[in-house]
1. Which far-off residues, 5 or more places away or on another chain, put their amide H under 5 Å from the one on G485, with H placed in the peptide plane?
2. Just to verify a number: FRET efficiency for R289 and D416, C-beta to C-beta distance, R0 = 30 Å, to 0.05?
3. Between C272 and residues 5 or more places away or on another chain, which pairs have amide H atoms under 5 Å apart, with H built 1.01 Å from N, and which residues are they?
4. Taking R0 as 56 Å, what's the FRET efficiency between R464 and N169 from their Cβ-Cβ distance, rounded to 0.05?
5. Once fully extended, how much extra length lies between H158 and L394, figured as 0.36 nm per residue of separation less the alpha-carbon to alpha-carbon distance?
6. Could I have the simple spin-label model distance between D508 and E343, label points 7 Å from Cα toward Cβ, reported in nm to one decimal?
7. For T258, enumerate residues with amide H under 5 Å from its amide H, sequence gap 5+ or separate chain, H modeled in the peptide plane.
Amino acid sequence: MDMSSEHTTTHPSEGGEMSSEQTITHPSEDGAQADYSEQTTTNPDEYHAHDEYNAHDEYNAHNEYNAQDEYNAHDEYNAHDGYDAHDEYNAPADQPEPVLDQNPDAMIPQTDGAPVALNGSDLQDQEDYEVEVKLSDLQADPNNPLYSAKTFEELELHPDLVKGILAMNFNKPSKIQEKALPLLLQDPPSNMIGQSQSGTGKTAAFVLNILSRLDLVEEKQRITPQALVLAPSRELARQIVGVIQVMGSFLDGLIVGTAVPTEAERPSRLECSVVVGTPGTVMDMIKRRIFPVSSLKILVLDEADNMLDQQGLGDQCIRVKLMLPRTLQVVLFSATFPEHVREYASKFAPEANQIILRHEELTVEGIKQLYLDCEDDFDKYGVLTRSSATEIELRMTAEGHSCVSLTGGIEGAMRDEIIDKFRSGEAKVLITTNVLARGIDVSTVSMVINYDIPELHNPEAPTRQADCQTYLHRIGRTGRFGRVGVSISFVANREEWAMLMEIQEYFDTEIIRIDTRDWDEVERIIKQTVKHPRSKASFAGT
C-alpha cells in the first residue's frame with residue numbers, strides 16, 4: 001500500500017515506506033498512573049491532601065506551612081529521607097535561545113503549544129464556537145467590554161512583551177485569549193479556571209500573564225522564582241519552557257528554570273524568574289529548600305483536570321499549593337473539565353473567573369474520526385500493556401518504518417532524545433501511551449492511532465467505561481490549529497465497540513467504520529481526508 005503523498009500507518013502484514021509526515025500510536029494505558037513521570041502513594045502516616053483539602057473549603061496555608069518562613073525541613077521532613085539524587089532534580093533550564101527572524105516582513109506562523117521555532121504548529125483559531133464567561137463577581141456583567149479584548153493593544157502591555165507577541169505572529173487574540181487575558185491581567189489579580197479546545201491559545205494566554213507580572217529590574221529579582229507552572233509530564237514541561245523563552249525573548253533578565261525528574265545533579269538553589277515542573281519534583285525541591293517560594297505570585301496548572309483528578313498528582317498539587325503564599329494568583333487551564341473535577345477545581349482556585357465550554361463543543365470536526373473493525377486482538381499487534389510499545393517498535397522497524405517509542409518507564413534524557421527525534425522528523429512514527437496524550441504539539445502529525453479505546457478503570461462498574469476526556473486529548477495531537485487530521489481507533493470486540501459508541505454519543509460526533517479487509521478503501525478515505533494542507537474545521541454542537 002503506497003501512502004507516499006501523506007503519512008499513514010501500515011497494516012501489520014504489509015511493508016511500505018513512511019512519508020515525511022508523522023503518526024502517533026497509542027497502545028493501552030497500563031493504568032493511567034504509571035504513564036506519568038511522578039506518581040506517588042501517599043504515606044498513611046502523613047495527612048491525605050484530598051481529605052484535608054475537602055475538610056477546609058477555604059483552607060489556611062498556615063495550618064501546616066508558613067510560606068514566609070519557607071518552613072523548616074526538620075518540622076515534618078528529613079532532608080535525607082527517601083531522597084535519590086538521580087531521580088529528582090534539574091538545574092535551571094539550559095535551553096538554547098530561540099532563533100527569531102528579526103525581519104519585520106518575515107511571517108512566523110502564529111503558534112500555541114510549541115512555538116514554530118521549536119517545530120510547533122501555527123494557530124488557526126476557529127470562529128464558530130462560543131466562550132461562556134462566568135465571573136466571580138456575580139453582580140458584574142460578563143458582556144461588559146472591560147472583560148474582552150479584540151486587540152493586544154487594548155491590554156496596554158509592556159513594549160518588550162508586544163515584541164514577543166509579534167515575533168510569534170499573534171496578530172489578534174484568539175477567542176480564549178480575547179476573554180481570558182483582560183481577566184488574567186486585571187489588578188488586583190484574580191484566579192481563573194479556563195477551558196477551550198486544543199490549539200486555541202491557552203498556553204500563550206497564561207504565559208503572557210506570567211511574563212506581564214514579573215519584576216526583572218534588579219538582579220535579585222531575576223534569580224528569585226516569581227511564577228510556577230505545573231505540568232503532568234516532563235515533555236509538556238519542556239514544551240512550556242520553550243513557549244516562555246520565545247514569547248519572553250525580548251525581556252531583559254528573564255531566566256526560566258525546570259523542576260523535572262533528571263539524572264543530573266541537583267542545584268543547591270533554584271535561581272530563576274519562572275519555574276516549570278512536575279508536581280512531585282517541585283514538592284520535593286520546596287521541602288529541601290532548593291526552591292524558595294516566598295516571592296511567588298502566580299501558580300498555573302496546565303492540563304488541570306488531569307492534574308487534579310489523578311490520585312497521585314492531585315495529592316501532590318494540593319501539597320505544593322499549601323506550601324505557597326496565600327496571596328497567590330491561581331490559574332487552571334485545560335481543554336476538558338468534567339463536572340466533578342470542576343467542583344474540585346473551584347476549591348483549588350476559590351472565587352475564580354471561569355471560561356466554560358459544553359462538552360459537545362469540544363471535539364474537533366476537522367479531525368476525521370475512523371475506526372477499524374479488527375477480527376481479534378492479534379490484528380492490533382497484541383498491544384495490551386505499555387511494555388508492548390517496544391515490541392511494536394521492533395516489528396514496525398523491521399518492516400522498514402522509522403519509529404520510536406516513549407512510555408512512562410523511560411526516564412530523563414532518553415525521553416528528551418526520543419521526543420526531539422519525533423519533532424525533527426527523524427522518526428516518522430511515535431508509539432506512546434497516555435504519557436503524551438495531552439498538550440504536546442508537533443506540527444507534522446496528521447494521524448493518531450488508538451490501538452485501544454481509552455478506558456476508565458472502575459472495578460465497581462458493571463461494564464467497561466470509555467474515558468471520553470482522554471480520547472479527546474489523544475486525537476487532539478493531530479488536526480492542530482485548523483490543519484487536517486485523521487484519528488483511527490482499533491476495535492476488536494463488542495465491548496470496545498460499545499465504548500467507542502459511548503464516546504461518539506458524548507461528543508455528538510461521527511466516528512466512521514472502515515473495513516480492514518479492503519485496504520484500498522482505507523487508503524482512499526485517508527488520502528481524501530488529508531489531501532488538503534488545511535481543514536475547514538468546525539466544532540460539533542454549534
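Bear in mind that the values in this text are calculations on the coordinates, not laboratory data. Everything numeric in this text was worked out from a predicted model, so none of it was measured. Glycine gets a Cβ as well: all are built from the backbone with ideal geometry, and neighbour counts include every protein chain shown.
1. K368, G479
2. Working: r = 27 Å, r/R0 = 0.91.
With R0 = 30 Å, the Cβ-Cβ based efficiency is 0.65.
3. Distant-sequence amide H within range of C272: T224.
4. Numbers: r = 45 Å, r/R0 = 0.80.
Calculated value: 0.80.
5. Values: separation 236, 0.36 × 236 = 84.96 nm, distance 5.15 nm.
Length difference between fully extended and current span is 79.8 nm.
6. Here the modelled spin labels are 2.4 nm apart.
7. A93, V276
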